[in-house]
Amino acid sequence: MRRPVFRSIKSKLFFIIAGTASGAVLAVAVVCYWQICSIYRQAYRADLLNQAAIVGANSQAALSFGIPEDARDILATLGHRPSIIGAAIFDNYGRRLAAFGALKKTSSLSGDFLKVRYDINRLGKALGHIELWDNMRPIAVFKARAVISLALVSVLLILICVLIAGKLCQAITRPAMELTALTARIADDGDYDLRAVVGADDEIGRLARSFNKMLDTIAARSERLRTSERRFRLLVEQGVDAFFLHDMNGRFVDVNQQACLSLGYSREELLNMTVADVEVDADGRKAGEKIWGRPDPGQSLMFEGRHRRRDGSTFPVEVRLGTFEDGERHYIMGLARDISERMNALKDKHTLELQIQQAQKMEAIGTLAGGIAHDFNNILTAIMGYSELALLEVDKNTSLHGHLQQIKQAGKRAVGLVRQILTFSRRQYQEVSPLQISLIVKEALKLLRASIPTTIDIRQDIQTEAMVLADPTQIHQVMMNICTNAYYAMADSGGTLTVSLKEVDYNRPVNDAGEEVPPGRYVVLTISDTGPGMNRETKGRIFEPYFTTKEKGKGTGLGLAVVHGIIEAYHGRIGVYSEPGHGTTFNIYLPALNAAHRIREQNNNVEVELLTQQAERVAFVDDEEAIRDLAVQFLTQAGYRVTAFTNGREAWEAMKADIGVWDLLITDLTMPEMAGNQLAILVKGVRPDLPVIICSGNNAVINGRHGEEIMYAHKPLSRRKFLALTAQALKKTGPGLGNKNISS
């Protein structure tokens, strides 16, 4: 009995190889046919488009000027291609300008044709388009030829495949059986060190090499796994965050080196500990326990907590938790980052915001103070001026004279109050002069000794008689404000008040309790008490206006704010040391005055006569009626001829008519219609040599740029000061008169 043909491996392999190869040849032939025809068709279409582009380029002029004859002549050139059966040129509005071939009789053709369209543009502007119709006869011819060629090639290749299949059956059968036997042996023995014998460099040889490579891969897999584990361990150990892996009972299974460093434990110690040993907040432990109960346990969870070091100290951390599953066992992975620096940065940011708010508050108060001072100083000018006039007319032995003196003294106290407000708002011009500060300190200490109880011991250490450029009244005010605060701090328990004065010379910047002192020579006034001291928050607010720790009714909160404004105005610095239970120390640095500066200031202090001998003509300008009347009386009694004006525009209209008759202009700064500085500019433009005095009620520092004849006065002015200033301006006495500021 004959065996079936397809039972042998060789026969099966022959028919499989021959059939597969033949099918592949036919499939390749079909694909090649389709691909070649497609490429040819695309190339054919591209050639038609190129032809259309050439015709379109030549038709630009015909389209631009609408000449059908030229368009038809250009289309006639398509006659060299028999396959083109029709063509037409259309303008930009779709109207046919010319046609060729079959399109002469109809607007379009039907059937199996290839139609191409090309838009005609010139300089980016659309002129129209051209349409070409082709019968595709060359394509049909090409397809027929391609079919014949591919059929012949396919038959030849199939014959070759049959011959090759017979040879392959003989070459593959024996090595395949040998490889099958080796595979069975490896499967039975599990010896992965066995290798197949590689014969010739053919498919069977490659199969043997691939089989051997597979065995090499299996042998190397364990090594790669070990390498991967070492790499993962290295990444974990070198991470900047602390890594923890613990089970559902909170016992640590694995930690990295950063965790050991941040907590102060060794790895072995941590592996014997639990989360509760290092986590301060219970919320953190509960978050770890509940993470597996979330709807999506694969999602990480982040929260902030605190960790406890080995020494018992704690620090803030940002913790990110994730889940890890190993078979049926659940673990929690955690990354903890120390956020101490971030928290400190947030505190510093908060401190800076408070400082900015304080600066804005000071600026707002300063603006308000300037506006109040303008009106209040005008009122004080009238009160003090008329009281001085009344004192000149009243007998000194009468009670009325005493009453008027009290009015005048009250006005002076009001002036001092305005100066305090403007001092801490930094809008007060300081009338400074060389001052031996040690004399003021000693005088203030005598006054303090007589006013504070003996339970407070006062000690002084005056080591220098150096001079500073300052106002003695304000230095006295600084001493009294700080020492009075020290007295209140020690009022209940007593203590020691120490005041020292010394001279220092720094050749580099010095930091005093956070206050940077620039290089230079300074007179240092130090005031210390042994009171309860201040905490950090209170210390940071002591220079705020209206901030006080005293009981209601015992303090306004302006004292240290005024002190700060005075010292800042003198380009000085204040360093404050204070801790709860260790008292408070103020170090006040004032620039020391050199000898040359002292002599120059003394030479500028020149006495002037109050009464005129020449009856000069004075123009006085102010919008306040009471001040105008007062100034007129002051000047008239002194022998001047005075004309008063209510505003700058009225004064300018009167003065420009005959500017030469005027000897002096005295004007207020802030007035309606025309301000005093604007009036001064107009007057100086016509007569540069005319002396000008500008008065200001808000004591703002005026930037005078109109020559050396301009002087600036700050209200309120006493009668003597006002007349002295007038005489000084007219006589031009004393060097350095220009832009000089004078106040009462």
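The values are calculated or read from the model by the stated rules, or taken from the named source; none is laboratory data. Being a predicted model, the structure only gives us computed values, none of them experimental. Cβ sites come from the backbone with ideal geometry, for glycine too, and all protein chains shown count toward neighbours.
Six or more apart or on different chains, Cβ atoms under 8 Å: show the pairs whose first residue is in the stretch 236-264 and farther than 23 Å from SER313 by Cα and whose second is basic (Lys, Arg).
Pairs found: ASP247/ARG329.
Of the conditions (1) surrounded by 18 or more Cβ atoms within 10 Å (Cβ to Cβ); (2) more than 15 Å from ASN587 (Cα to Cα), ALA491 satisfies every one except a single condition; which number is it?
The failed condition is (1).
Specify which of the listed residues (THR484, THR498) is of a type in the set (Val, Ile, Thr), at pLDDT below 90, assigned by TED's automatic domain parsing to the domain that holds GLN463 and not in a loop (DSSP other than H, G, I, E, B).
Details: THR498 fails: at pLDDT below 90.
After applying the criteria, what remains is THR484.
Output yes when any residue across the stretch 269-278 is modelled with pLDDT of 80 or more, outside the structural domain of GLY514 (by TED's automatic domain parsing) and in contact with a Pro (Cβ under 9 Å, 6 or more places away or on another chain), and no when none is. Give the steps one after another, and end with the answer.
Of the stretch 269-278, the ones modelled with pLDDT of 80 or more are 269-278.
After this cut, where a residue has to be outside the structural domain of GLY514 (by TED's automatic domain parsing) as well, the list is 269-278.
Restricting the remaining residues to those that are in contact with a Pro (Cβ under 9 Å, 6 or more places away or on another chain) gives none.
There is no residue in the stretch 269-278 that is modelled with pLDDT of 80 or more, outside the structural domain of GLY514 (by TED's automatic domain parsing) and in contact with a Pro (Cβ under 9 Å, 6 or more places away or on another chain).
Would you point out the residue of the stretch 629-644, among those that are of a type in the set (Ser, Thr, Tyr) and not in a helix (DSSP H, G or I), that is nearest to LEU723 (Cα to Cα)? Write out each step before concluding.
Start the filter on the stretch 629-644 by keeping residues that are of a type in the set (Ser, Thr, Tyr), which leaves 636, 640, 643.
Restricting the remaining residues to those that are not in a helix (DSSP H, G or I) gives 640, 643.
Numbers: TYR640: 10, THR643: 16 Å.
Among them, the one singled out is TYR640.
Kindly indicate whether GLN257 is at pLDDT 75 or above, more than 30 Å from GLU178 (Cβ to Cβ) and surrounded by fewer than 15 Cβ atoms within 10 Å (Cβ to Cβ). I'd like the intermediate steps shown before the answer.
Details: at pLDDT 75 or above: yes; more than 30 Å from GLU178 (Cβ to Cβ): yes; surrounded by fewer than 15 Cβ atoms within 10 Å (Cβ to Cβ): yes.
Taking the combined requirement at face value, the residue satisfies it.
Suppose we keep only residues that are closer than 16 Å to HIS307 by Cα and either surrounded by fewer than 14 Cβ atoms within 10 Å (Cβ to Cβ) or small (Gly, Ala, Ser) (or both) within the stretch 241-250. Which one would you say is modelled with the highest pLDDT?
ALA242
What pairs can you find where one residue is in the stretch 668-694 and without any contact (Cβ under 8 Å) to a residue 40 or more places away in the chain, the other is aromatic (Phe, Trp, Tyr), and their Cβ atoms are less than 6 Å apart, with a gap of 6+ or different chains?
LEU682/TRP652; ILE694/TYR712
Can you name the number of the only condition in (1) among the basic types (Lys, Arg); (2) assigned to a helix (DSSP H, G or I); (3) within 44 Å of the chain's Cα centre (by Cα) that ARG508 fails?
Failing condition for ARG508: (2).
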